[in-house]
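The values are calculated or read from the model by the stated rules, or taken from the named source; none is laboratory data. Everything quoted here is computed from the prediction, not taken from an experiment. As a convention, Cβ positions derive from the backbone with ideal geometry for all residues, glycine included, and neighbour counts pool all protein chains shown.
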Amino acid sequence: MHGPLSLFISDLHLTAERPLTHPVFFRFLREVAPQAQALYILGDFFEAWVGDDALAEPFHAQVAQALRRLTGQGVAVHLMHGNRDFLLAQAFCAASDARLIAEPHVLDLAGVPTVLLHGDALCIDDVDYQGLRRMVRDAQWQAAFLQRPYAERVALAQQLRAQSERSKGDKPPEIMDVNVEAVAEAFRRHGVRRMIHGHTHRPGHHVLTVDGVACERWVLPDWYATGGYLACDAAGCRLVSLGP
């Protein structure tokens, strides 16, 4: 390790209904994350989050407690909204000792100006999805949704997920990936040389040149199969896969 270590994860889609992911995640928190100075969770941490009253669910409370144990070991935990968990709020932060960060989040990462994103805002070719994204990120829509009974919110979230999965089958795969020009514009807007995001479930390292400047884009893996993370320190970044 070369200097302070930062870890990045996204798209865990944690849910009590998918228990195979649980031991991988809790092992990561016990054995890997304590080595880091900071852990950044870049969205879609949960399969769905219908409001902080979801903490009454035992599995959700267990996750929050596990994050709090990690912060108790001196690791700062930063949490960004994704397209599945944009209703995570202060009650979850209080329970987990995690800190919400806005998207985009720009930081100096071991001397390299870096922007952190969930990634869905870069997928501008998927016009239908972007319309849905604008709707659910609207403050009035969220306030009205949170006024509904908990069971009704859970049912509505399940309906939205099912609708989303059906619509994916009718779309060419390329429109659900990032738009090249949107990526370049994000580098220009934020004045950075490195980008880290998830959402697309297409992990990889992309090297590009933007206005004559060498840049890199790291895409985080999802956790449906084995899980994985990005580790960054002064020596650079590397994607690491976790076993089942």
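Residue 70 meets each of the listed conditions (1) farther than 24 Å from residue 151 by Cα; (2) surrounded by fewer than 18 Cβ atoms within 10 Å (Cβ to Cβ) apart from (2). Consider residue 180 carefully, then state whether it is surrounded by fewer than 16 Cβ atoms within 10 Å (Cβ to Cβ), in contact with a strand residue (DSSP E or B) (Cβ under 8 Å, 6 or more places away or on another chain) and β-branched (Val, Ile, Thr). No, not satisfied. Quick check: is even one residue across the stretch 23-35 within 16 Å of residue 237 (Cα to Cα), surrounded by 20 or more Cβ atoms within 10 Å (Cβ to Cβ) and in contact with a strand residue (DSSP E or B) (Cβ under 8 Å, 6 or more places away or on another chain)? Yes - at least one qualifying residue is present in the stretch 23-35.
Among the listed residues 238, 194, identify the single one that is at pLDDT 95 or above, in contact with a strand residue (DSSP E or B) (Cβ under 7 Å, 6 or more places away or on another chain), charged (D, E, K, R) and buried (at least 18 other Cβ atoms within 10 Å of the Cβ). Residue meeting the stated conditions: 194. The set of residues from the stretch 118-136 being assigned to a loop (DSSP other than H, G, I, E, B) and under 14 Å from residue 84 (Cα atoms) comprises 118, 119. Of all the residues in the stretch 102-115, those that are surrounded by fewer than 17 Cβ atoms within 10 Å (Cβ to Cβ), in contact (Cβ under 8 Å) with a residue 40 or more places away in the chain and not in a strand (DSSP E or B) number 1.
For the stretch 12-43: of the residues being of a type outside the set (A, V, I, L, M, F, W, C) and touching a His at 6+ places or on another chain (Cβ under 6 Å), which is nearest to residue 59 (Cα to Cα)? That would be 43.
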